Amino acid sequence: QVQLVESGGGLVQAGGSLRLSCAVSGNIFRLNDMAWYRQTPGKQRELVADITSGGSTNYADSVKGRFTISRDNAKKTVSLQMNSLKPEDTAIYYCNADLARTYYTSAVMYWGQGTQVTVSS
């Protein structure tokens, strides 16, 4: 069974830093794009950053210059380094991975369970 297991959320003061990590557990054939999304109550889940298998990255305008996404293909992990955090970054952060479990199956998106990030002013 494939699961995405997140860690690293918590409470931090404005201006502080947190690092989120997400590991893909279980056997897979191919790991494609990976990403971090976030969601606050009453709002749609939004893309924070994504990274291709080749390492190309894309960021939401609101986090450019403050957040850095990275991945380790050998370890099947993706991380999000969050610096200069603001209260408006408070949300549940979700890890996302597009992957194929076997040679014969199509790629499917998997989601982590979410981790809470709270930034106090």
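The values are calculated or read from the model by the stated rules, or taken from the named source; none is laboratory data. Everything numeric here is computed off the predicted structure, so don't read it as measured data. No Cβ is skipped: glycine too gets one built from the backbone with ideal geometry, and neighbour counts run over all protein chains shown. To get the accessible areas, we keep the full protein, side chains included, count just its heavy atoms, and leave off ligands, DNA and RNA. Shrake-Rupley method; radii C 1.70, N 1.55, O 1.52, S 1.80 Å.
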First in segment 88-108 and basic (Lys, Arg), second anywhere and open to solvent by less than 60 Å² (accessible area, probe 1.4 Å), Cβ under 7 Å, 6 or more apart: Arg101/Val2; Arg101/Ile28
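So which of Gly42, Gly15, Gly26, Gly10 is open to solvent by 20 Å² or more (accessible area, probe 1.4 Å), closer than 18 Å to Thr118 by Cα, of a type outside the set (Lys, Arg) and at pLDDT below 95? Break it down into steps so the answer makes sense when it comes.
Values: Gly15 fails: at pLDDT below 95; Gly26 fails: closer than 18 Å to Thr118 by Cα; Gly10 fails: at pLDDT below 95.
Matching residue, one of Gly42, Gly15, Gly26, Gly10: Gly42.
Restricted to segment 55-64, and to residues that are at negative phi and part of a loop (DSSP other than H, G, I, E, B), which residue is least open to solvent (accessible area, probe 1.4 Å)? Reasoning before the result, please.
Within segment 55-64, the subset at negative phi is 56-64.
Checking which are part of a loop (DSSP other than H, G, I, E, B) leaves us with 56, 60-64.
On the way: Ser56: 73, Ala60: 24, Asp61: 124, Ser62: 64, Val63: 1, Lys64: 117 Å².
Going through the qualifying residues, I end up with Val63.
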Breaking point among (1) surrounded by fewer than 16 Cβ atoms within 10 Å (Cβ to Cβ); (2) in contact with a strand residue (DSSP E or B) (Cβ under 9 Å, 6 or more places away or on another chain); (3) over 19 Å from Val2 (Cα atoms), for Ile92: (1)
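Would you check if there is a residue in segment 65-78 being of a type in the set (Ser, Thr, Tyr), at pLDDT 95 or above, more than 15 Å from Ala23 (Cα to Cα) and open to solvent by 50 Å² or more (accessible area, probe 1.4 Å)? Lay out the reasoning, then the answer.
Taking segment 65-78 and keeping what is of a type in the set (Ser, Thr, Tyr), we get 68, 70, 77.
Those still in the list that are at pLDDT 95 or above too: 68, 70, 77.
Cutting the leftovers down to more than 15 Å from Ala23 (Cα to Cα) gives us 68.
Among the residues that remain, those that are also open to solvent by 50 Å² or more (accessible area, probe 1.4 Å) are: 68.
Looking for residues that are of a type in the set (Ser, Thr, Tyr), at pLDDT 95 or above, more than 15 Å from Ala23 (Cα to Cα) and open to solvent by 50 Å² or more (accessible area, probe 1.4 Å), one finds at least one in segment 65-78, hence yes.
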The lone exception for Tyr37 - which of (1) over 19 Å from Ser120 (Cβ atoms); (2) among the hydroxyl-bearing types (Ser, Thr, Tyr); (3) loosely packed, with under 14 Cβ neighbours inside 10 Å it fails: (3)
Selection within segment 1-54 - part of a loop (DSSP other than H, G, I, E, B), within 16 Å of Tyr94 (Cβ to Cβ) and of a type in the set (A, V, I, L, M, F, W, C): Val2
